[in-house]
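Peer 1: Right, I'll just put the structure down here and ask away after.
Quick note: the coordinates plus some simple rules give every number you see, no bench work behind them. In this text, all values refer to a predicted model and were calculated from it rather than measured experimentally. Cβ coordinates were reconstructed from backbone atoms using ideal geometry, including for glycine residues, and neighbour counts include every protein chain displayed.
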Amino acid sequence: MKKMVSISEKEVEHIAWLAKITLSEEEKKLFTEQFNTILEYFRIIDELETEGTPPTFNVQNLENVFREDIVEPSLSREYSLKNASKKEKGYVKASRII
Amino acid sequence: MSKKITSVVVFSKEEFAEDVVIGLEVHCQLTNLRTKLFCGCSSEYRGEQPNTHLCPICLGMPGSLPVANRKSVDDAMMVALALKSEIAERSLFFRKNYYYPDMPKNFQITQYDQAGGIPIASGGEVSIQVNHENKQIRIRRIQLEEDPAKLVHLGSIDTSPYTLVDYNRAGIALLEIITEPDLKSSKEARVFLQKLRSILEHLGVSDGKLEGAMRCDANISIKKGNRVEIKNISSFKEVEKALNFEIARQRAMNSRGLKVEMETRHWDDVKRVTISLRTKEAEHDYRYFPEPDLVPVEISKEKIAKISQIIPELPDARLDRFVKLYKIPSYDAGVLTSDKAMADFFEECIKLYPDAKTISNWMMTDLLRWLHEKDIEIKEAKVTPQHLVEMIKLIDDGTISGKIAKSVLPEILNTGKTPSEIVTEKGLLRIASRKDIELLADRVLIENPKAVQDAAVDEKAIHYLIGQLMKLTKGKADPQLANQIIKEKLKKQSKSN
C-alpha cells in the first residue's frame, strides 16, 4: 500500500491562488480538512491491485469520431458576450495578465 | 534599461557559441482549415470584428461537446511524415488547466507525453544549412492543440492598464512542433524556423505570411546554467532578436557573477526586452488529464500510406532538382528553396526567361539584399517575376546598363512599376552613342588635366578618368564604350604632344 500524502494549509493557499480566489482563514482550515477527507477515499481506491491493468482514459469504447471541415454559423456577438461582466469595443475586458 | 540595450549591441553579432543551448516550441496554425479544431466556427478571423466567431463549443458552454476536425489529423500526419516523425497508432487529447482569460473554458485542449498521454507523432528531424554546413535538428514531438484567444494591450504589456480579449482565435487548430535542444545560436534558430516554415508551406498546411500564423517559445541556457523559457515570440522575425537579447542578458549576469534563475520570461516586442513573469506555476499545476469529451485518434498503416502518397515535393527535393535541372550552385538552391514564395518566383522567372543562372544571380544578390534591407518578404514586395525578367531583357538589348538595373530594382520593389516605366520616367536610358560619349569624354579630359598628365605613366589615372565619365553620366554610359573612348582620346593627346 502506498503512503498517502496529506494536504497542508499552504497547498490549499496555492490552489486558491491558481484558481484566482481569495479564502478566509476559516475557509482555508475548512478546505484543508475537506481535501484530506477526499484524499482518504483515494487511499481506499489505491488499495486495489491494478498491476497489469491498462488505464482507462475513455469509457465510450469509441475512436476516430470526426467532423468535416465545414463552416457553421457562429453566435451573434451580443449573445456571446452576454455573460461577460466587462466589455469594451466588442472585446472582453480583463485585468492585465502576462 | 539603457545598460541592457548596450549589452544587446555588444552581443548581437555573436554566432555559434559552443556553450549556448536552444530548444524551440513552434506553434503553427493549420491555416488550410476552414473551421476551428473542435467546432464549425470559421477560422478566418483575421480582419474580422472581435468576438464574432464564437459558438457554445469554443466558448466552453456547459453541455457543449467538441468534435475533432478530420482534416486537422490529415494535416498533422502530413507534417509528421515530412519531418520523419513516427505517427502514433493511437493518440489522445488532454486538458491543460489554467486560469488565464485567454481560454473561455479555463483549460486548453492539447496533447501530452506524460501521465499516459500520447501525442500524434514523436521523433523526427529537420536538416538545415548554416555557414555552408549541414546539420540535423531533432524533433521531440508534434501535437495538435487549440490556439488561445488574442490578447490586446495598449502599448507595452508591462504598462498596459488592462487586457482586451478577442476569442475569435480561441480554438483555431494549432500544431505544436517541439525540438530537442540542438540549436546553438539565434542564427541557427532563425534558419531552422525558415526551413520549417518552407516545409509547411510546401505541404500547403500553414501560410507563415499570415500575421500570427507561426509563433514560438524558446528554451535557452548558457554554460550549462539554468534553463530560461521565453514566451510570446509573436513571429519568426522576432525570434532572433529575442534570443540575442536573452543570450546577452545571461552573459551579462554570468560576467557579474550573478546566477541565472530558472524561470519563464516574456518577450516584450514593444520594448524589445524579456521580462520575468515571476510565475508561481509549476508543470504539475496545469493538472493535465485526459479530455473526457473527445475519443482517441487511431491511425492505421493504410491511412499513413495513403497520406504519404499526397505529400508534394518538399524543399530538400526541390533543392536537388534546382541543382540538377537548372545547374545552379547547391548553396543558391538552398537559399531559394528556404522560402516557398522565393522558389516559386524563381521558377516563374525561368518560364519567361530560360537562363536560370542569370535569374538566380539577380535573386541571390540584389533582390535578397533589398528585401533584407527593407525587412520584408518577397510576397510583400511589389516585384513580380515579369518585372525581373523584363529588367534583365532591358540589359540584354542594351536599353539600360547593368549598373542602372541595380538602381531600378529597388524602385520596382517600392512602387510596383514596370522597369520600362521607371527607365523612361527617370531618364535612365543607356548612353550608347559614340558621339555623345565622345563629347562628354572631352569635357572630362579638360576638367582633369592632372589625371590626363598622370595617365601616361599611371594606369590608375586612366581608371579615374573613366570613373569620372561614368559619374558624369550617372552610370548610364556604356562602360565598354566609355573605356574605349577615354583610352583612344588619351592616346591621341599623347601623340599630339
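Peer 1: Using the Karplus curve 6.51 cos²θ - 1.76 cosθ + 1.60 with θ = phi - 60°, work out ³J(HN,Hα) for each residue of segment B:144-154 in order, rounded to whole Hz, and write x for Gly and Pro.
Peer 2: In residue order, the calculated couplings are 8, 7, 8, 7, x, 5, 8, 9, 10, 10, 8 Hz.
Peer 1: Provide the FRET efficiency to the nearest 0.05 for the B:R272-A:I38 pair, computing r from the beta carbons and using R0 = 56 Å.
Peer 2: Rounded to the nearest 0.05, the efficiency is 0.70.
Peer 1: Further question: Kindly write out, for segment B:90-99 in residue order, the coupling ³J(HN,Hα) from the Karplus curve 6.51 cos²θ - 1.76 cosθ + 1.60 (θ = phi - 60°), rounded to whole Hz, with x marking Gly and Pro.
Peer 2: Each residue of segment B:90-99 in turn: 9, 10, 10, 9, 10, 9, 10, 8, 6, 10 Hz.
Peer 1: Please go through segment A:1-50 and write out the GluC sites (Glu not before Pro) that DSSP classes as loop and that have at most 15 other C-beta atoms within 10 Å.
Peer 2: Answer in residue order: A:E47, A:E49.
Peer 1: At 222 nm, what value in deg cm²/dmol follows for chain A if DSSP H runs of at least 4 each add -39500 (n - 2.57) and the sum is divided by all its residues, to the nearest 500?
Peer 2: -11500 deg cm²/dmol
Peer 1: Give the separation of the Cα centroids, segment B:200-243 to segment B:142-167, in Å.
Peer 2: Rounded to whole Å, the Cα centres lie 16 Å apart.
Peer 1: For A:F66, which sequence-distant residues (separation of 5 or more, or a different chain) have an amide H within less than 5 Å of its own amide H, given hydrogens modelled in the peptide plane?
Peer 2: none
Peer 1: Decide, for segment B:131-185, between rounded, prolate and oblate: order the square roots of the alpha carbon gyration tensor eigenvalues as a ≥ b ≥ c, take rounded if a/c falls under 1.5, and otherwise choose prolate if a/b is larger than b/c, else oblate.
Peer 2: Because a/c hits 1.5 or more and a/b fails to exceed b/c, segment B:131-185 counts as oblate.
Peer 1: Further question on the same structure: With Kirkwood's inverse mean 1/r over C-alpha pairs for Rh, give me the Rg to Rh ratio of segment B:315-426, two decimals please.
Peer 2: 0.96
Peer 1: Take B:K374 and A:E68, extend 7 Å from each Cα along the Cα→Cβ direction, and tell me the distance between the two endpoints in nm.
Peer 2: Rounded to a tenth, the inter-label distance reads 4.3 nm.
Peer 1: Of all the Cα-Cα pairs you can form in the protein assembly as shown, what percent are over 41 Å apart?
Peer 2: For the protein assembly as shown, the fraction of Cα-Cα distances above 41 Å is 41 percent.
Peer 1: Name the long-range amide H neighbours of B:R141: under 5 Å, sequence gap of 5 or more, or other chain; modelled H, no Pro or chain starts.
Peer 2: Sorted by chain and number, the residues that satisfy this are B:G123, B:I178.
Peer 1: Could you work out the relative contact order of chain B, using alpha carbon pairs under 8 angstrom and six or more residues apart, expressed as a whole percent?
Peer 2: Reported as a whole number, the value is 14 percent.
Peer 1: A further question follows. Please give the contour-minus-distance gain from B:D355 to B:E263: 0.36 nm per residue of separation, less the Cα-Cα distance, rounded to one decimal in nm.
Peer 2: 27.7 nm
Peer 1: Give me a single rounded figure for A:56-66: the average over its residues of other chain Cβ atoms within 10 Å of their Cβ.
Peer 2: 6
Peer 1: A further question on this structure: Rank the residues B:H372, B:H463, B:H27, B:H202 as a footprinting-exposure proxy: fewest other Cβ atoms within 10 Å of their Cβ go first.
Peer 2: Arranged by neighbour count, lowest to highest, B:H372, B:H463, B:H27, B:H202 become B:H372, B:H463, B:H27, B:H202.
Peer 1: To make sure I understand the rule: partners must be aspartates and glutamates, Cα under 18 Å from the Cα of B:K105, and not fewer than 8 residues away in the same chain. Which ones qualify?
Peer 2: B:E145, B:E146, B:D147, B:D166, B:D285, B:E291, B:D293
Peer 1: If you don't mind, another one. Order of B:L196, B:L164 from fewest to most other C-beta atoms within 10 Å?
Peer 2: Listing B:L196, B:L164 from fewest to most nearby Cβ atoms yields B:L164, B:L196.
Peer 1: Ok, one more. On average, how many beta carbons from a partner chain sit within 10 Å of the beta carbon of a residue in B:145-153?
Peer 2: 2
Peer 1: Taking the dipole about the Cα centre of the protein assembly as shown, with the C-beta of Lys and Arg at +1 and of Asp and Glu at -1, give me whichever of A:P54, B:Y326, B:A76 is farthest to the positive side.
Peer 2: Value: B:Y326.
Peer 1: Moving on. Over what distance in Å are the Cα centres of segment B:437-482 and segment A:77-98 separated?
Peer 2: 72
Peer 1: Would you grab the residues whose amide H sits under 5 Å from the one on A:K87? Only those 5+ places off in sequence or on another chain, please, with H modelled 1.01 Å from N.
Peer 2: The list, which skips near neighbours in sequence, is A:K93.
Peer 1: Anything over 19 Å Cα to Cα? Flag those among B:K403/B:K471; A:K10/B:K96; B:K135/B:K195; B:K135/B:K187; B:K435/B:K489, in the order listed.
Peer 2: Exceeds cut-off: A:K10/B:K96.
Peer 1: Additional query: For the Cα atoms of chain B, what angle does the longest principal axis make with the long axis of helix B:479-496, in degrees from 0 to 90, nearest 10?
Peer 2: 30
Peer 1: What relative contact order, as a whole-number percentage, does segment B:434-496 give when Cα pairs under 8 Å and 6 or more residues apart are counted?
Peer 2: Contact order relative to length: 37 percent.
Peer 1: Continuing with this model, one more query. Measuring from centroid to centroid over Cα atoms, what is the spacing of segment B:65-110 and segment A:1-73 in Å?
Peer 2: 22
Peer 1: Scaled to the compact-protein estimate 2.2 N^0.38 Å, what is the alpha-carbon radius of gyration of chain B, rounded to two decimal places?
Peer 2: Taking the Cα Rg and dividing by 2.2 N^0.38 Å, one obtains 1.23.
Peer 1: Here's another thing I want to ask about it. Output the pairs from B:K71/B:K209; B:K393/B:K476; B:K71/B:K301; A:K20/B:K150; A:K82/B:K280 with a Cα-Cα distance over 27 Å in this structure; if there are none, say none.
Peer 2: Cα-Cα > 27 Å for A:K82/B:K280; rest within.
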